[in-house]
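Read the figures in this text as sums done on the coordinates, not as results from a lab. As the structure is a computational prediction, the values presented were derived from the model and not from experiment. A quick note on method: Cβ atoms are made from the backbone with ideal geometry, for glycine too, and the neighbour counts reach across all protein chains shown.
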Amino acid sequence: MADNSLKDFYIPTYILVPESEAEIVPDAPKCPVIVFINSKSGGQLGGDLFVTYCSLLNEHQVFDLGKEAPDKVLSRIYLNLEKLKLGGDDLAIKIQERLRIIVAGGDGTAGWLLGVVCDLKLSKPPPIATVPLGTGNNLPFAFGWGKKNPVTDRHSVESFLKKVREAKEMKIDNWHILMRMKAPKDGPCDPIAPLELPHSLHAFHRVSATDSLNMEGCHTFRGGFWNYFSLGMDAQVSYAFHSERKLHPDKFKNQLVNQSTYAKLGFAASIFHHSSLNIAQLAKVKIMKKSGQWRDLDIPHSIRSIICLNLPSFSGGLNPWGTPNSKKQRDRDLTPPFVDDGLLEVVGFRDAWHGLVLFAPNGHGTRLAQAHRIRFEFHKGATDHTYMRIDGEPWKQPLPVDDDTVVVEISHLGQVNMLATHDCKSKSIHDPSTPTHDAEDEDSNEEYDTVQDGEERRKFGAADTFRIPDEVDISHLS
């Protein structure tokens, strides 16, 4: 890409820095971008990528997330844009209409940016492109940006910018999660993460006494996610991996080494932890379609992990749901995994060996249901803790043993704009070119595909925003 093509992405300083001297710009950029980079992600790659972007663009449009939070950056820029527009600045109008965001980091970093854009309630939220710079890189892979950590030289960055200019906009669902339990008589019930609470859980913290979701005598937590929520052995393996990585960070600077270590932990758990409680022993699961009442979901006793999946990318690009064939669509009302249909795909796995089926053609996990809302009610005294994971970030969740009031509920919250390549894995329900089924799909788990009706219905409110604490040290987002 010739140097003059970089003008398509360049934003003048006076647009980005309030009170700067105005500049005369002959043509408005066709694809103005603001770039956020987690310089701590990907070993040295994040820092190298920051240097390259600064050399190609205006240094004022490239931000190191280790030094400045994205909500403050975007608030400042958008306030300045509004001020300039009121003054009759046509360039400001065009830049705001065409603005796109690039975020480079792991899934946690990308999710943070998505949450911030949701928070700001902008009249025209800019769509977001994600540069893979972590271990799983599920978000970038789902939208066609790849899953391998990037090359950071000038040519590679220019090629990525060109793809951003040519990318299509795609809406995806986002999801609210609420966890409520009676305050235990002994000990806390706050989430215990590997050495510290994962930052990408956004608002996953105890609500204040003035919050509408607060209930006297209970501990209530809330948060949100874009890719998946998982429960059981999958989250337990992830917790072990993150704990080891934070204790020995020097051993986890290579993406392939990280993925290999993760796989070994998964198979070790399958072999040596046969006593792990299965999901049916832990909790009752209820689901709700877009309209209707709660229904009990029958969970086979062999299932040790449940994944509630929003995007067709898990564990580095695998698709646990697959594409149900026409028979399953007709008999069980199952659909392909659209990212904007207001439904989560609920998939079960027996162990890590079961997960190997994902590497086979048309392989998938045990399809349990698709749901607009999901509720987990933990059984009294089943265990004193379990493991959960949101978008790659795990935690150990203590559970009260003296009552059965522990509830986790997931509900649809809204949508956010993403940038995607034209051949990406994610599919929109509004795209007429999306295939409706895969005739070759075969399900080896037919005996598990049953859902039973239930009568109980209980509604929780949804959070208006996702937020990340001001004191967060984002260097751990990877």
Original post:
Tell me, TYR10, TYR53 in order of fewest to most beta-carbon neighbours within 10 Å?
Top reply: TYR10, TYR53
**OP:** Using θ = phi - 60° and the Karplus relation 6.51 cos²θ - 1.76 cosθ + 1.60, list the HN-Hα couplings for the stretch 61-78 in order, rounded to whole Hz, with x at every Gly or Pro.
**Re:** 9, 10, 10, 8, 5, x, 10, 8, 6, x, 5, 5, 4, 5, 4, 5, 5, 5
Original post:
What's the extension gain from LYS327 to LYS85 if we count 0.36 nm per residue and subtract their Cα-Cα distance?
Top reply: 81.6 nm
Subject >> Label-point gap, in nm, between ILE24 and ALA209 - each point 7 angstrom along Cα→Cβ >> reply: 6.3 nm
Subject >> Label point 7 Å beyond Cα of LYS7 along Cβ direction - residues of the stretch 70-110 with amide nitrogen under 14 Å >> reply: none
**OP:** Name the lysines eligible as straight-distance cross-link partners of LYS182: C-alpha to C-alpha under 26 Å, and not fewer than 8 places from it in the same chain.
**Re:** LYS284, LYS286, LYS380, LYS396, LYS459
Subject >> Distance in nm between pseudo-label sites at ALA382 and ALA183 (7 Å out along the Cβ direction from Cα) >> reply: 2.6 nm
**OP:** Evaluate the distance, in nm, between pseudo-label points positioned 7 Å from the Cα of GLN44 and of ARG154 along their respective Cα→Cβ axes.
**Re:** 2.0 nm
Original post:
Given the pairs LYS30/LYS168; LYS30/LYS171; LYS40/LYS72; LYS121/LYS171; LYS124/LYS289; LYS40/LYS83, which are separated by over 24 angstrom at their Cα positions?
Top reply: LYS124/LYS289; LYS40/LYS83
**OP:** Please work out how much length the chain gains when fully extended from LEU122 to VAL17, using 0.36 nm per residue of separation minus the C-alpha to C-alpha distance, in nm with one decimal.
**Re:** 35.9 nm
